[in-house]
Every structure is written in structure tokens, then in C-alpha cells.
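A quick write-up on the structure given underneath.
The values are calculated or read from the model by the stated rules, or taken from the named source; none is laboratory data. No experiment lies behind these values; they were computed from the predicted model shown. Positions of Cβ are backbone-derived with ideal geometry, glycine not excepted, and every protein chain shown enters the neighbour counts. The protein model used for the area step is the full one, side chains on, heavy atoms only, and it has no ligands, DNA or RNA in it. Shrake-Rupley method; radii C 1.70, N 1.55, O 1.52, S 1.80 Å.
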Amino acid sequence: MSIRNNIEGLQQELKSQKVTLIAVSKTKSNEDILEAYEAGQRLFGENMVQELVAKQESLPKDIEWHLIGHLQSNKVKYIAPFIAMIQSVDSLNLLKEINKHGAKNNRVIDCLLQVHIADEEAKFGFDHAELIEVLRDEALSDLKNIRIRGLMGIATNTDNEKHIKEEFYELKMLFDGIKVSFFRKEDSFDTLSMGMSSDYTIAIEQGSTMIRVGSTVFGKRVIKHFKASEG
Ligand SMILES: *Cc1c(COP(=O)(O)O)cnc(C)c1O
């Protein structure tokens, strides 16, 4: 299967549902990305700032880039001018930093709050209590150059489908609860980013509105890159 076929197959699969496809292009070449682009794909996800910036500079300017990997505060400045969405926000301090650079660039930067739903220790994100604490923080309403669009989560890497389903179910319940409690009047709180190559079908069944798919689009990545990496 070619990248073009993979994109077209996925888009066909998603057509009847309100689910957005992020093509996760980390470690993949500009050539591969262009093949997906030519098949009509415009939304791409990367997890490392340096790689993202290099690709953004050399690829078509109508690509919408999503950062999906852990972001260090001191690197926000490199992506603030162009990033379409930062999906991996995991602290109030990071939100403040994104806001600062949003203001400098005269932009409002869309963000998702990453929630820790997996069993694995290594995955980043807020737990429930931390998330509520941030949403209640008065400082949040001063941040005019960020917009919280929803939540993102990564399920446990397991073959146990029931377990994955429970994690996505839990995230969907949290999303609905937070929407009602904190974003009732904001239609822009509309994004629940969950599901990757191995589990996006389960995620969609559980209410995902955005899936982040890498290997199913581009083929397997080389093993040395296959780890949770620093953005
Ligand atoms: C790499 C990555 C993906 C895509 O993973 P695949 O299994 O290749 O689909 C999705 N989300 C995040 C946060 C990632 O780091």
C-alpha cells in the first residue's frame, strides 16, 4: 500500500463520522509528507520541536501542524509563530508560556490539555485532580492568547481491547463533564483527541473527534525513534 492509498482509505473510513485525521509524520521524510499532502492531507502531527520547525520551513505553508509530544517551556518560542494546535499541554506554567508567545506573535494558540489515562508511568499528562485544579485557577481567564479546545489522551499500549476501551470511555466522560462545568458557553471546546494506529477504531466508538495516526499512514517507524520523546 502506498501512502496515498493509506490516506484515501482512512479518509473514506472517516467520511461518515465527524472525526478529524492527524497524520503523524514524526521521523518521516518531507517526501513522504508530500505524498500524503498530494492525497489531500493537510493536518500533520509531530512530537519534536526541532524536527517540526525544520519541516514547517521547507513544506507547503497551508499545512496545519499539531504538536503532539511533550513540550518544554523554553521551546515554545520556536513554534508559536505557526503552530495550529498544541495537543500536549500538561501544566499551567506551560499554558502561561504559550500565552506569552501567542501574544508576542499576535495570535491565539489552540491547545488541548493532555490527560494521563494509561497505566504506564512514562506517559505525560494531568491526572483528574490536577486538571480540575488548573481549570479552576483564576489565572486561566487572563490568558487571552490561548484557547483550550479540548483534551488529548494516549491509551495503554496493550492488546487488551477491553482495557483500552475503558480508558477511552473514562476520558470521554471527563471531557463531557469538563465541557458542562467549565466550557458550557464555549462552542470551541469541541476536540477530544484520542486514538492512534492500533486503537483508533475503539477510540471512535468511544467518542473521539480527532485521531492521530502514524504507522497506518506512513508505515512503521525505525525502532530507535519509537519512544516517548522530548519536544
Ligand atoms: C507517535 C504518536 C502517535 C501515532 O502513533 P502510531 O501508532 O504510529 O499511529 C499518536 N500520538 C502520539 C502522541 C504519538 O507520539
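For segment 99-137 and segment 1-80, what is the separation of their C-alpha centers, rounded to whole Å?
Rounded to whole Å, the Cα centres lie 21 Å apart.
Could you look at the chain and say what percent of its accessible area is carbon and sulfur, using a 1.4 Å probe and all protein chains? Numbers along the way, then the final one.
Values: 5530 of 11560 Å².
C and S fraction of accessible area: 48 percent.
So what's the projected area for segment 56-151, the Cα convex hull averaged over all directions, in nm²?
On the way: hull surface 26.4 nm².
That works out to 6.6 nm².
Decide, for segment 118-221, between rounded, prolate and oblate: order the square roots of the alpha carbon gyration tensor eigenvalues as a ≥ b ≥ c, take rounded if a/c falls under 1.5, and otherwise choose prolate if a/b is larger than b/c, else oblate.
Details: a/c = 1.94, a/b = 1.78, b/c = 1.09.
Judged from the Cα gyration tensor, segment 118-221 comes out prolate (a/c at least 1.5, a/b above b/c).
Is it possible to state the helix-based mean residue ellipticity at 222 nm for the chain, with each DSSP H run of 4+ residues giving -39500 (n - 2.57), the sum divided by total residues, to the nearest 500 deg cm²/dmol? What is it? Working shown, then result.
On the way: 9 runs with 89 residues, N = 231.
Rounded to the nearest 500, it is -11500 deg cm²/dmol.
Keeping all protein chains in the complex and leaving out DNA, RNA and ligands, what accessible area do you get for Val222 with a 1.4 Å probe, in Å² to the nearest 10?
My reading of the accessible area for Val222 is about 90 Å².
Leaving out same-chain residues fewer than 8 places away, which lysines sit with a Cα under 18 Å from that of Lys144?
Once the sequence-local lysines are set aside, what remains near Lys144 is Lys77, Lys96, Lys100, Lys104, Lys185.
With a ≥ b ≥ c taken as the square roots of the eigenvalues of the C-alpha gyration tensor of segment 21-107, please select rounded if a/c is under 1.5 and otherwise prolate if a/b is larger than b/c or oblate if it is not?
Working: a/c = 2.19, a/b = 1.86, b/c = 1.17.
Prolate.
Just the number please: accessible area per residue for segment 1-144, 1.4 Å probe, all protein chains included, in Å².
Values: 7030 Å² over 144 residues.
In whole numbers, segment 1-144 has 49 Å² accessible per residue.
Per 5 Å bin, what percent of the C-alpha pairs of segment 3-217 does each bin hold, from zero upward?
The calculated distribution, bin by bin, is 1, 7, 16, 19, 20, 17, 12, 6, 1, 0.
Relative contact order for the chain: what percent, with Cα pairs under 8 Å and sequence separation of 6 or more?
Numbers: 403 pairs, mean separation 50.9, N = 231.
The normalised contact order for the chain reaches 22 percent.
Charges only on Cβ, +1 for Lys and Arg, -1 for Asp and Glu: so what's the dipole of the chain about the Cα centre, in debye to the nearest 20? If you can, show how the numbers build up before the last one.
Working: 30 positive and 35 negative charges, 141 e Å.
The dipole magnitude comes to about 680 debye.
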